[in-house]
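Take a look at the structure set out below.
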Amino acid sequence: MGTGLQAEQIARRECEELYDPDHVRVKVRTSWKMGFCLPDEEGDCEETAVFATMTFGDNFAIEKGTQYEVELGEKMTGGKATTHVTDIVEYKRLLVKRNLLSWSLDIPIERDDSGWMTPRCYDRVSSIPAPLMESFVNKFEESVEVSEAEEQRISRQCALLFSKSGHGVADACEAVSLFCTLGNFSEKFGISRDYLPKMSYKEFLLLKIMISKESDSSRQHSSKSGGGALSQIIGPGGRARPSRGTKVALP
Amino acid sequence: MAVVQAKEQVKQAEAAQQLRVDEKLMRPGKYEITKDTTFTVQIHAREKDGRWVLMTGPGKGIDTNTVVFRMWNYNEEIEVRKMATSYDAGKRVHMIDNDALNRFKVQRLMVSWTFDKDNPRLRIQHSNRVLTDESWEAFTQLQPNFISFILEEMNKVLEFNG
């Protein structure tokens, strides 16, 4: 468990993400060494950069721009074949041009009408020490990436969640929580991701309880109707009752 | 004869891209890297049995040499990494050739050294701000322990924030 100060920092960061989902604020601790500003976890300065949240469209456009063709070996394909690969280094450059909005450094960020950084501005922006910009970009990428551990956790929880006997998962990961909460609230009440953070928490709790009760109830119904024994015994009067045995017509 | 003229809009866009005189004269900001933004690697060595052994600091009978590197900016880093990165179609991953990366760093960022003070053959020369092939050859002629030490100290600053 973190200290009170850490808890407040985490809460502040989460609030920023919830109420300002279009921006990602990245903070890097720095110190001045040998005359230039370098990242330093124990440094006494702090620099901030604000990036536009990476959208599907941004990623699609940048990937398209940085893709190149690679020939696959004949051993792999049995003939000549090619595949498209993203140039991950060039991707980082375009990411800065597309998504870096502002920062605490003394270089103003200028954008053209299409939202891209102007070439003249990029010339100055890219002239800062590479390790400092790398730190900003890496921290921004952390907000986008799904780690391998996270993906494994999603797989494990989904195996439980979507199994026939699944009754939900304890300590749901971000993906499961988002999927269930947003899915349910959007489907039932048309509440979008933009509105959900502003909703009264009591209303949210009440509706969540109701959704959970409804889900339990429908599960019980389905187990009564089709989820029980696969075979039935037809008794007098044509009424059926469940049986573990095979279907036998009684006289 | 037809006279070809640029459209007015294009001219305006070009004008917008041109720096104003006061902006041209403005000094770089405190975060910007210039060609004078350098750092120095010091090598202390003592001759023993015909070989040079690295020492931790200056002292009696110890030779001290320096190598000056330029700090790289983000654009240069991107260019250099691109040159050293290739795609392995078999493993479906991007591979960075660290030897090539170190070579490009030395070729582009090394400014000067003192190894040429007694030996003009080791003089460092640049062409288009890149080390000439002869100068790179001279670098590779150093003892391997010197080269490893210089690369390690250079990477401490360039990759591991000093």
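Quick note: the coordinates plus some simple rules give every number you see, no bench work behind them. Since the structure is predicted, the reported quantities are computational estimates derived from the model, not experimental observations. Here the Cβ positions follow ideal geometry from the backbone for every residue, glycine too, while neighbour counts run over all protein chains shown.
Overview of results
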| quantity | calculated |
| --- | --- |
| In nm, spacing of pseudo-spin labels at B:Ile96 and A:Cys158 (7 Å Cα→C-beta vector) | 3.0 |
| For region A:46-54, 3J(HN,Hα) per residue [Karplus equation, 6.51 cos²θ - 1.76 cosθ + 1.60, θ = phi - 60°, Hz, x = Gly/Pro] | 9, 10, 10, 10, 10, 10, 6, 4, 5 |
| Sites B:Val130 and A:Glu16, calculated FRET efficiency, Cβ-Cβ separation with R0 35 Å, nearest 0.05 | 0.20 |
| Size of electric dipole in region B:33-158: Cβ of Lys, Arg +1 and of Asp, Glu -1, about Cα centre, debye, nearest 20 | 180 |
| Distance between modelled label sites at B:Lys48 and A:Arg120, nm, 7 Å Cα→Cβ extension | 6.0 |
| Radius 13 Å from Cβ of A:Glu42, net charge of other residues (Lys, Arg +1; Asp, Glu -1) | -2 |
| Pairs beyond 24 Å (Cα-Cα), from A:Lys33/B:Lys156; A:Lys27/A:Lys92; A:Lys64/A:Lys97; A:Lys139/A:Lys202; A:Lys139/B:Lys82 | A:Lys139/A:Lys202 |
| Within region A:37-108, GluC sites (Glu not before Pro) in DSSP loop having at most 13 other beta-carbon neighbours inside 10 Å | A:Glu41, A:Glu42 |
